[in-house]
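The structure under discussion appears below in the form of structure tokens.
The values are calculated or read from the model by the stated rules, or taken from the named source; none is laboratory data. Predicted model, so just to flag it, every value in this text is computed and none were measured. Positions of Cβ are backbone-derived with ideal geometry, glycine not excepted, and every protein chain shown enters the neighbour counts. Keep in mind that these areas ignore ligands, DNA and RNA; they rest on the heavy atoms of the full protein, side chains included. Shrake-Rupley method; radii C 1.70, N 1.55, O 1.52, S 1.80 Å.
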Amino acid sequence: MLHRRIYQFLLIYALGISILLAIKVLVGLSDYVIPGWESLWHTAREVMGRYLSDVMNTLTVAVIGQVVSVILALLIGILGRQATWFGSFIKVAAYNFQAYPIVAIAPIIFILFGDGFLSRLLIAAMICYFPLLLTVVGIMAEPIYDIEHFYRQTGRMRWQLEVKIRAFENLGKLTTVIAGSATLAMAGTIVAEFIAASAGIGYSIRIALYQSDLAKILVALFAIGITLSVYQGLLELGGNLVKRVWSR
Amino acid sequence: MTLRFKVLFCATLITLLITLLASRHAFPDEKIVYRLKWLINMSTVGDVMAESQGFFRAQGLDVAIKAGGPERDAIRELELGYADFGVASADQVIQAAAKGAPIVVIAQLFQVNPLQWIYFKDKLQLNALSDLRGKTIGVTFGKNDEFIMRTLLSQAKISEEQVKLFSVRLDYTPFYKGQVDLWPVYANTQAVEIGQKLRAAGKAYGFLSPGDFGVHFVANSVVTSKREMQERPDVVRRFLEALLKGWQTAIEPQNSESAIAAVQQYDRDTARDLLVEQLKETRRLVQPEATKAIGHIDAAAWKQTEQIMIDHRQIERPVEIVRFLMPQ
């Protein structure tokens, strides 16, 4: 599974670079518009180490942000699973909160919390929380009649059991959405760094953009992609492991 | 066919031809895209004046002025054929030249780089560059203000450990709060705005101008592609003529009203009194000496800019930037 993720990424990246290089050759563009192989290789050797370290910095924030948003989405999903007034209120409030674009809220976050760790974390969590919430609410609000019926009839149903049944029955779906939200958390952190932070790969991309250096941006994309592929692969492996343990 | 009909037919044909030729002359047929470096504000007053006063049209050009931004790169657009002319900073031009971009600088809009650092006089006494030692200085990492400041520091023999370089954004709060001692601003736009606020608050402020210490890093310039120069030299000449006339008209004091009105068409958020002050500052930067022609390309300053880029390893080897400047 991990290998597949990495292969897929390498294939897509190689395809993207090949298309760019083909355009460069066909149109006769200079290295300023699209860098050539030599320029890419030279830039990669120069900045790859630093960029990988930046990506790890970003990934750390993204992982924490994702954990926060998973917890938040689970909490709201559990609270909002019931078809009561309170459940509906929680769901509507959570949906409305997400209606505001993050880029519009980001400047306020940076003014309040500065351009450090907390702002990046908050933005990462906000960006990946909504798709998680939608899935969790969907899963938690959908009864598994075949199993739940037994516990209800015997009077043994508790909310913890209800949550556990619904989570277990939809573990595949949950794992997929959590792995997918890793991309969003990473993207959210990068956006935050690009807008105002002074660390991480988003900040490095911003500097490369100032310098009109597409080679650096392509190297940064490689570093982000490969790291994210490994992380997503690990998340999927973790999901399978949990499923196996629960099945015993 | 009767003689009368023949005469009528010829007269109609001649009238049609004359109308067609006259309309070709009266309406511009050369469509031009001009990509700016940044949003339209007082720094582009000459560009918008050339358009609003009909100077481009008089040269038979239909120019679409397109605002720039951080994600826009005029040089890339020139090469890809999305723009015919553009405005680029000197460091962009040199980097592009180093990577083989076929470009030519046809005019240098600012003779003095508008970049300065603002500071509070009650916090900082700045008589020499050595006074920067121990200070927190705002720079935009990766942009030319970083290289300019590093050049100033190396001139004063101040090492990086002896100052704190602070990464700046468009939010000036760290400067107002006193977390940063010097903050980079453009003399003809942000400096005017901040200066007005600080004067209202009774604060004394000063500016650190790199030019005062012999650092002449070229600012924005007008560029076009080599292809345009070779294939349509007449269009380049007409464009430049109209553009420089626009700048000349914009900085003449008697045209202040029309210059401000031209900018206000695009920049509706800046107050009029600020625009008046910004225009005054812009005049000083565009034509510091009456003897120097508007748009003059300062080859010596370009060479110094290239050297700064080499010193800070922004380019690996010299590009002989003079080769990319249009002969004057």
Quick one: is A:A14 surrounded by fewer than 17 Cβ atoms within 10 Å (Cβ to Cβ) and not aromatic (F, W, Y)? yes
If we take the stretch B:180-254, then strands (runs of 3 or more DSSP E) inside it with 2 or more residues that are in contact with a helix residue (DSSP H, G or I) (Cβ under 8 Å, 6 or more places away or on another chain) and closer than 30 Å to B:D131 by Cα are B:183-186, B:205-208
Checklist entry - Does A:V68 satisfy the condition of being open to solvent by 40 Å² or more (accessible area, probe 1.4 Å) and within 19 Å of the chain's Cα centre (by Cα)? => result yes
### Message
Taking the criterion of being away from chain B (no Cβ under 14 Å), among the small types (G, A, S), part of a helix (DSSP H, G or I) and open to solvent by 40 Å² or more (accessible area, probe 1.4 Å), would at least one residue in the stretch A:152-159 satisfy it?
### Response
no
Looking across the stretch B:78-122 at residues that are among the aliphatic types (A, V, I, L, M) and in a loop (DSSP other than H, G, I, E, B), the single one that is nearest to B:Y205 (Cα to Cα) is B:V112
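Here's the yes/no breakdown for (1) away from chain A (no Cβ under 14 Å); (2) within 30 Å of B:F85 (Cβ to Cβ); (3) open to solvent by 30 Å² or more (accessible area, probe 1.4 Å); (4) among the small types (G, A, S):
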position	(1), (2), (3), (4)
B:E161	yes, no, yes, no
B:F166	no, no, yes, no
B:W183	yes, no, no, no
B:T189	yes, yes, no, no
B:I194	yes, no, no, no
B:K197	yes, no, yes, no
B:Y205	yes, no, yes, no
B:N220	yes, yes, yes, no
Residue under question is B:A259, and the condition is that it be in contact (Cβ under 8 Å) with a residue 60 or more places away in the chain, of a type in the set (A, V, I, L, M) and more than 17 Å from B:A88 (Cα to Cα); does it hold?
yes
Log entry, pairs with first residue in the stretch A:29-50 being at the interface with chain B (Cβ under 9 Å from one of its Cβ atoms) and open to solvent by 20 Å² or more (accessible area, probe 1.4 Å), second being of a type in the set (S, T, N, Q) and not in a loop (DSSP other than H, G, I, E, B), beta carbons closer than 8 Å, six or more apart or on different chains, reads A:D31/A:S39
Expected output for the stretch B:54-83 (first residue within 11 Å of another protein chain (Cβ to nearest Cβ), partner assigned to a helix (DSSP H, G or I) and open to solvent by 40 Å² or more (accessible area, probe 1.4 Å), Cβ below 6 Å, 6+ apart or cross-chain) is none
Checked the stretch A:22-41 for anything within 29 Å of the chain's Cα centre (by Cα) and in a helix (DSSP H, G or I); matches are A:L40, A:W41
The number of residues in the stretch B:115-136 that are within 14 Å of chain A (Cβ to nearest Cβ) and of a type in the set (K, R) is 0
- [ ] Could you tell me whether the stretch A:117-129 includes any residue that is at pLDDT 80 or above, open to solvent by less than 20 Å² (accessible area, probe 1.4 Å), part of a helix (DSSP H, G or I) and polar (S, T, N, Q)?
- [x] yes
Considering residues that are within 14 Å of chain B (Cβ to nearest Cβ) and of a type outside the set (A, V, I, L, M), the number found within the stretch A:93-110 is 2
Result of the Cβ filter at 6 Å on the stretch B:220-234, keeping first residues that are assigned by TED's automatic domain parsing to the domain that holds B:G295 and touching a residue at least 12 places away in the same chain (Cβ under 8 Å) and partners that are of a type in the set (F, W, Y) and outside any loop (DSSP other than H, G, I, E, B), at least 6 apart or interchain, is B:T224/B:F85
Does any residue of the stretch A:84-92 turn out to be open to solvent by 60 Å² or more (accessible area, probe 1.4 Å), within 30 Å of A:Y203 (Cα to Cα) and either more than 14 Å from chain B (Cβ to nearest Cβ) or not in a helix (DSSP H, G or I) (or both)? no
Here the residues within the stretch A:1-29 that are over 21 Å from B:E79 (Cβ atoms) and of a type outside the set (A, V, I, L, M) are A:H3, A:R4, A:R5, A:Y7, A:Q8, A:F9, A:Y13
Of the listed residues (B:V139, B:V93, B:V105, B:V112), the one being within 21 Å of B:A300 (Cβ to Cβ) and within 14 Å of another protein chain (Cβ to nearest Cβ) is B:V93
Considering residues that are exposed (fewer than 11 other Cβ atoms within 10 Å of the Cβ) and either aromatic (F, W, Y) or in contact (Cβ under 8 Å) with a residue 12 or more places away in the chain (or both), the number found within the stretch A:130-149 is 1
Practice task
Kindly establish whether B:D269 is in contact (Cβ under 8 Å) with a residue 40 or more places away in the chain, more than 21 Å from B:V104 (Cβ to Cβ) and over 16 Å from the mean Cα position of the chain (by Cα).
Solution key: no
Here the residues within the stretch B:54-84 that are under 15 Å from the mean Cα position of the chain (by Cα) and under 28 Å from B:E146 (Cβ atoms) are B:K66, B:A67, B:G68, B:G69, B:P70, B:R72, B:D73, B:A74, B:I75
Every listed condition ((1) at pLDDT 90 or above; (2) in contact with a Leu (Cβ under 8 Å, 6 or more places away or on another chain); (3) within 14 Å of chain A (Cβ to nearest Cβ)) holds for B:N144 save (1)
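This table checks each residue for (1) at pLDDT 90 or above; (2) within 30 Å of B:N255 (Cα to Cα); (3) open to solvent by 40 Å² or more (accessible area, probe 1.4 Å); (4) touching a Ser or Thr at 6+ places or on another chain (Cβ under 8 Å).
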{"position": "B:K6", "(1), (2), (3), (4)": "no, no, yes, no"}
{"position": "B:R24", "(1), (2), (3), (4)": "no, no, yes, no"}
{"position": "B:F27", "(1), (2), (3), (4)": "no, yes, yes, no"}
{"position": "B:I32", "(1), (2), (3), (4)": "yes, yes, no, no"}
{"position": "B:A90", "(1), (2), (3), (4)": "yes, yes, no, yes"}
